[in-house]
Amino acid sequence: MAEHFDVLIVGGGPAGLTAAIYARRAGKSVLLLEKEGFGGQIASSPKVENFPGLLSISGAELADRLYSQAEALGTRLELEEVLEVRDGTPRTVVTDYGSYTCSALILATGMKRRTLGLPGEDTMTGVSFCAVCDGSFYRGKDVAVCGGGNTALQDALFLSDLCRHVTVIHRRSAFRGDPVLAEALCKRSNVSLTMDTVVTGLLGGDTLTGLSLRSTLTGSERQLAVSGLFEAVGQIPEAALSASLVPVDGDGFIPSGEDCLTPAAGVFAAGDCRAKAVRQLTTACADGAVAALAACKYCDDL
Ligand code: NAP
């Protein structure tokens, strides 16, 4: 017979881990299932400097701390992929390892990286989606970062400490990311900003040797010699599981309000998978707390 939990959380990023902390502190039995690695996107962030109370911390360390806190409180944490949720009383959550039942379900499935969709992107050595993971391979080399959000700006700052030169390529003339990061980049002598430009192709055979670039203003084309391209062009929601349980909007986000409720009784949405204006670590954690307390109340009212 499947093991039963009061609250089952899908997704081990900051929203899911915070939900686990709150639900455990409320005395509920809690299972958190994560398919890839605990900590979510934040685990690959070079530096977090906007989490209140922590002046500066690496994303990996913050992820470790959240994990340890959830674990110390008695959360059961498993690396398993949820394949299906079967309706019923209680609901059954089927994973690649087994199945569980739960009274309340919190979807904290986050987002996955968007890619540029260029030929060779998936197979070529030299194309990366994680500066923290792969940056050291490019020590002393010339690299490019594509994107204009906070991830791209932070990645470029991180890489400029390792690489000979970093070219940031952004499709518009203004960055989407925080001005404080853009200002810090402008002060780096080994960083150049290539604005109003898109990457149209990857040069080289099995290994990247350069990029084809096109100006969005003039349409002119040129090539840039680099050993590495770090793509940081945003994220898209992990929508498949959500869509099987609750309505999602055209972009795949769950249109749940600040209360984290969904139209499905006993199903709650927290963090980046929820349609929202501000996607920050703090708002993900806030969602985790709200969703957990709503889930606990749901269990109590059963
Ligand atoms: P993002 O803010 O959505 O930025 C994605 C960037 O990629 C945008 O500049 C976008 O250009 C560009 N882009 C998208 N599709 C593209 C394409 N096909 N070709 C070229 N460029 C493309 O994504 P993010 O930087 O990953 O950040 C995600 C969320 O996490 C944000 O809310 C961000 O603030 C947050 N975050 C916060 C921190 C922090 O410490 N504060 C750190 C990392 C991330 P346009 O600007 O033209 O749309």
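Every read-out reported here was derived from the displayed coordinates using simple, explicitly stated rules and does not represent laboratory data. Here the structure is a predicted model, which means the values were calculated and not measured. Virtual Cβ from ideal backbone geometry, glycine too; neighbours counted across all protein chains shown.
Before moving on, here are some points about what is shown:
- Folded to 0 to 90 degrees: helix 59-72 orientation relative to the chain principal axis, Cα: 10 degrees
- Label-to-label distance, Leu55 versus Lys297, with points set 7 angstrom from Cα along the beta-carbon direction: 3.9 nm.
- Measuring nothing but how far apart in sequence close Cα pairs (under 8 Å, 6+ apart) lie, relative to its length, the range 41-99 scores a relative contact order of 20 percent.
- Environment charge at Ser29 (Cβ cut-off 12 Å; Lys +1, Arg +1, Asp -1, Glu -1): +1
- Using a cutoff of 8 angstrom between alpha carbon atoms and counting only pairs six or more residues apart, the relative contact order for the range 1-119 works out to 34 percent.
- Segment Asp196-Gln69, extension gain: residue separation times 0.36 nm, minus the distance between their alpha carbons: 41.3 nm
- Relative to the dominant Cα principal axis of the chain, helix 150-160 is inclined by about 50°.
- Taking the C-alpha atoms of the chain, convex hull volume expressed per residue in Å³: 137 Å³
- DSSP-loop GluC sites (Glu not before Pro) across the range 1-73, with at most 16 other Cβ within 10 angstrom: Glu36, Glu49
- Bins of 5 Å from zero: percent of alpha-carbon pairs in the range 83-205: 2, 9, 16, 17, 15, 9, 6, 7, 9, 7, 3, 1, 0
- Computed [θ] at 222 nm, helices only, for the chain once each DSSP H run of length n ≥ 4 contributes -39500 (n - 2.57): -7500 deg cm²/dmol
- Highest average packing first - 278-284, 14-20, Cβ atoms within 10 Å: 14-20, 278-284
- Rh by Kirkwood over Cα pairs, then Stokes-Einstein D for the range 1-78 at 1.306 mPa s and 10 °C, µm²/s: 124 µm²/s
- Highest-fluctuation residue, Ser136, Ser160, Ser220 considered, GNM on the chain with Cα pairs under 10 Å: Ser220
- The Cα-based radius of gyration of the range 139-253, divided by its Kirkwood radius, gives an Rg/Rh of 1.06.
- For the options Gly53, Gly228, Gly148, a Gaussian network treatment of the chain with springs between C-alpha atoms closer than 10 Å singles out Gly53 as fluctuating the most.
- In a fully extended conformation the segment linking Lys141 and Glu36 would gain 34.8 nm over its present Cα-Cα distance, using 0.36 nm per residue.
- Once C-alpha pairs closer than 8 Å and six or more residues apart are averaged by separation and normalised to the residue number of the chain, the relative contact order reads 21 percent.
- Partnerless cysteines, meaning none of the other Cys C-beta atoms lie under 4.7 Å away, in the chain: Cys102, Cys146, Cys163, Cys186, Cys260, Cys273, Cys285, Cys296, Cys299
- Under the simplified labelling scheme, the Arg188-Glu258 pair shows an inter-label distance of 3.6 nm, with each label point 7 Å from Cα along Cα→Cβ.
- Highest mobility in the GNM of the chain, judged by mean-square fluctuation with C-alpha springs under 10 Å and restricted to Ala131, Ala264, Ala152, is found for Ala264.
- Trypsin sites (Lys or Arg not before Pro) lying in DSSP loop within the range 172-207, provided at most 10 other Cβ fall within 10 Å: Lys187
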